[in-house]
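The values are calculated or read from the model by the stated rules, or taken from the named source; none is laboratory data. Quick caveat: nothing in here was measured; it's all calculated off a predicted structure. Neighbour counts are summed over all protein chains in view; Cβ atoms, including those assigned to glycine, are modelled from backbone coordinates with ideal geometry. SASA here: full protein model, heavy atoms, side chains in, ligands and nucleic acids out. Shrake-Rupley method; radii C 1.70, N 1.55, O 1.52, S 1.80 Å.
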Amino acid sequence: MDNPVERALAYVRSLAALAERLAKHDIVVRRLHCDWSSFGSWTVEASSGDGEAKRSSAIQRRAFSEPGAEVFRVIWDGKDYQLAMASTPTTVISMLNQWRELEVRSCDSHEGARVLAHEWLSDRLGPSQQ
């Protein structure tokens, strides 16, 4: 596949597939940013389905200052082949942006980074963790 159009499309599809696999573990992808033009770097922010259901309930009750779900962020740096994970607490309507770095690892490929991101997020947010 030497066609850049096809490679870029495959890249986006691979990240959409990651979101689909996470959803099977009751994990909500809150934010997915992919940057084909920057060495294929990407960011995924996710939280548990249960945490998002509680958030939705609080919004309906207008309880905006209640604590929200913990959000985990995974960043793949396609230039340096580094995968980093961090987490932050939230309130119902806002990110607190108090990111705590949890782990950083080198990966040999974009594919390996996606596999590790899936493992990290599933371990921390899957149904057995709630």
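Okay, here's what the table says:
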{"item": "Selection from region 72-118 of residues that are surrounded by fewer than 18 Cβ atoms within 10 Å (Cβ to Cβ) and among the β-branched types (Val, Ile, Thr)", "result": "88, 91, 93, 104, 115"}
{"item": "Residue identified as open to solvent by less than 40 Å² (accessible area, probe 1.4 Å) and either under 24 Å from residue 88 (Cβ atoms) or among the aliphatic types (A, V, I, L, M) (or both) among 19, 23", "result": "19"}
{"item": "Residues satisfying the stated conditions in region 26-52, i.e. of a type in the set (A, V, I, L, M) and open to solvent by 60 Å² or more (accessible area, probe 1.4 Å)", "result": "32"}
